[in-house]
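Here is the structure we will look at.
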Amino acid sequence: MSSEWPQYQLSDIGRIVTGKTPSTAQDEFFGGSLPFLTPTDMIDGQKSVSASRTLTDAGLATVKNCLIPRGVAVSCIGWQMGKSVLVLEPTVTNQQINTIVVDESRFDISFIYYLLSSIRNKIFELGATATRTPIVNKSTFGQIKVLVPSISEQKNIAVFFSSLDDRITLLRETNATLESIAQALFKSWFVDFDQVRAKAEGLEPEGLDAATAALFPDSFEESELGLVPRGWTEVPLGQLCSFQKGCSYKGDGLSDDQGAYMFNLGCFNSPRVFAFEKVKRYTGDFRDKHRVSGGDLIIANTDMTQHRAILGRPLLVPDGMAPGFVSHHVFKAVINQEYGAEIKHFLFFCFLQSSFRERAVGYATGTTVLALPKDALEHHLINLPGHELIKAFANYCEPIFSSIQANEVQAQNLTQLRDTLLPRLISGQLRLPETEASVENMLPEAV
């Protein structure tokens, strides 16, 4: 049991390196090939991540003592303090991160990642106060005490959790492939006009049955948006749908496991089709106009950063999460009944197009928190094909989106299983052989 495991301080496990940021006033320090990791890149429960910024050799020269060959990085400043990530290539972090360069002759690096993940709340509580920014300095971080089994047991526990993480990753990689298939179909039909071009040249469109091929025209005409298929109309988005801003909620109504599902800005942190990321529960009141159901289209109308990566991003509400509503940082797209519910698939991919993204970014207002006015969206022009073609596209997308949702539900279940088992196995409350046997039949295959 855990009482048999020796106790260590984190400083015993390896060298601790606190990161540093090169001068941001020097453009030549950034944009090279060396990853520069910040807490923003670190995603809860995700073992490895990609740094959104990089350093040049000149930038590295100013912080060369902060270069880590590999290790476990932990966010130690701010309200998301305690997030951990495995770093397996030479990397520099900013000053908000402490990294343990693990002594791998005595400790398994993956086990140490899972160990640190299991004590995230403890790390946060060490530095959280009501009056200042939470912080755990290098000295305090290094003094945290943990129990660690033999290296052979470390490796076995790490392999077990890695198998769960690998399955979660596989499900989400499968979803990325499925989404790319649907995106490629949209681009072929409604951006590149491949089928119209083929028919204009007297050819049969590839990969389509005769009934679907017949829905495409065989020529083009000039429009305000350029050369478009004949018969398609230019319409503002406001003709197809309206954008309802969500509910301004109160913090004291938030709950861990009770109340309605609240789709908030955090749901847009990972670019997927369905809004599973960080859905909150809320016990307070909200109006019917803020209510959403499975399949409803929602859009982020706020971005807390100047990167504008989230602003204007669309997601679909998953099935089985009712009652639900959107927060004031989110628009619900209320589709004009004249066009039918099937147009949501078409609109979803319209919102992912560069022209829409550029409009969302261009109309954002605010110096720190960016806001997207709904009239900027309603006036955006798109090419609208015939209703039967939109319906055909929806029929192609429906099974793809159903598979994506099923895979994501499985990934969520596995994540919950991992997070439930993690502190118990890491602390020695559970033993590995019995745990492995109990979950053997719970690992699903991707759809």
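Give Thr62, Thr129 a once-over and let me know the one that is of a type outside the set (Gly, Ala, Ser), at pLDDT 95 or above and farther than 30 Å from Asp166 by Cβ.
Thr62
Working only within segment 177-224, note down all residues that are open to solvent by 80 Å² or more (accessible area, probe 1.4 Å), under 22 Å from His380 (Cα atoms) and part of a loop (DSSP other than H, G, I, E, B). The one that is open to solvent by 80 Å² or more (accessible area, probe 1.4 Å), under 22 Å from His380 (Cα atoms) and part of a loop (DSSP other than H, G, I, E, B): Glu224.
Evaluated against (1) open to solvent by less than 30 Å² (accessible area, probe 1.4 Å); (2) hydrophobic (A, V, I, L, M, F, W, C); (3) at pLDDT 95 or above, Leu164 falls short on exactly one condition, (3). Here Glu436 qualifies as surrounded by fewer than 16 Cβ atoms within 10 Å (Cβ to Cβ) and in contact (Cβ under 8 Å) with a residue 24 or more places away in the chain.
Yes or no: segment 381-389 includes at least one residue that is open to solvent by less than 20 Å² (accessible area, probe 1.4 Å), more than 23 Å from Phe331 (Cα to Cα) and either at pLDDT below 95 or hydrophobic (A, V, I, L, M, F, W, C) (or both).
Initially, segment 381-389 is screened for residues open to solvent by less than 20 Å² (accessible area, probe 1.4 Å), giving 382, 384-385, 389.
Then keep just the ones that are more than 23 Å from Phe331 (Cα to Cα); that gives 385, 389.
Cutting the leftovers down to either at pLDDT below 95 or hydrophobic (A, V, I, L, M, F, W, C) (or both) gives us 389.
So far as segment 381-389 goes, yes, one or more of its residues are open to solvent by less than 20 Å² (accessible area, probe 1.4 Å), more than 23 Å from Phe331 (Cα to Cα) and either at pLDDT below 95 or hydrophobic (A, V, I, L, M, F, W, C) (or both).
The rows are residues; the columns are (1) crowded, with 22+ Cβ neighbours inside 10 Å; (2) farther than 25 Å from Arg424 by Cβ; (3) aliphatic (A, V, I, L, M).
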site	(1), (2), (3)
Pro22	no, yes, no
Gly45	no, no, no
Arg53	no, yes, no
Met81	yes, no, yes
Leu115	yes, no, yes
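For segment 127-157, the set of residues classified as of a type outside the set (S, T, N, Q), over 15 Å from Asn98 (Cβ atoms) and touching a residue at least 24 places away in the same chain (Cβ under 8 Å) consists of Ala128, Lys145, Leu147, Val148, Pro149, Ile151, Glu153, Lys155, Ile157, listed by residue number.
Look at segment 327-350: where a residue is under 23 Å from Lys278 (Cα atoms) and open to solvent by 10 Å² or more (accessible area, probe 1.4 Å) and a partner is among the small types (Gly, Ala, Ser) and assigned to a loop (DSSP other than H, G, I, E, B), sitting 6+ places away or on another chain with Cβ atoms under 6 Å, you get His328/Gly246; His328/Ser248. Restricting Ser52, Ser84 to those that are modelled with pLDDT of 95 or more and among the hydroxyl-bearing types (Ser, Thr, Tyr) reduces the list to Ser84.
In segment 349-367, is there at least one residue being among the acidic types (Asp, Glu) and more than 24 Å from the chain's Cα centre (by Cα)?
Restricting attention to segment 349-367, the residues satisfying the condition of being among the acidic types (Asp, Glu) are 358.
Now restrict to residues that are more than 24 Å from the chain's Cα centre (by Cα): none.
The answer is no; no qualifying residue exists.
Of all residues in segment 400-423, those satisfying the criterion of being within 17 Å of the chain's Cα centre (by Cα), of a type in the set (Val, Ile, Thr) and under 13 Å from Asn175 (Cβ atoms) are Ile404, Val409.
Note on segment 428-447: among residues that are part of a loop (DSSP other than H, G, I, E, B) and modelled with pLDDT under 70, the one that is nearest to Gln7 (Cα to Cα) is Leu443. Here segment 251-302 is the region considered, the condition is being open to solvent by 30 Å² or more (accessible area, probe 1.4 Å) and part of a helix (DSSP H, G or I), and the residue that is farthest from Val317 (Cα to Cα) is Asp252. Considering segment 303-326, and only residues there that are assigned to a strand (DSSP E or B) and without any contact (Cβ under 8 Å) to a residue 60 or more places away in the chain, the residue that is nearest to Gln410 (Cα to Cα) turns out to be Leu315.
So, in segment 117-140, of the ones that are in contact with a strand residue (DSSP E or B) (Cβ under 6 Å, 6 or more places away or on another chain) and over 19 Å from Thr91 (Cα atoms), which residue ends up most open to solvent (accessible area, probe 1.4 Å)? Looking at the filtered set, the residue picked out is Ile135.
Those residues that are touching a Leu at 6+ places or on another chain (Cβ under 9 Å), more than 19 Å from Leu372 (Cα to Cα) and of a type outside the set (S, T, N, Q), I need them from segment 277-306; list them, please.
Residues of segment 277-306 that are touching a Leu at 6+ places or on another chain (Cβ under 9 Å), as a first pass: 277-278, 280-284, 294-306.
Then drop every residue that is not more than 19 Å from Leu372 (Cα to Cα), which leaves 277-278, 280-284, 294-296.
Correct list: Glu277, Lys278, Lys280, Arg281, Tyr282, Gly284, Gly294, Gly295, Asp296.
The values are calculated or read from the model by the stated rules, or taken from the named source; none is laboratory data. Every value quoted in this text rests on a predicted model; they were computed, and no experiment measured them. With ideal geometry, Cβ positions are generated from the backbone for all residues, glycine too; neighbour counts draw on all protein chains shown. Remember, those area values only see protein heavy atoms, side chains included, never the ligands or the DNA or RNA. Shrake-Rupley method; radii C 1.70, N 1.55, O 1.52, S 1.80 Å.
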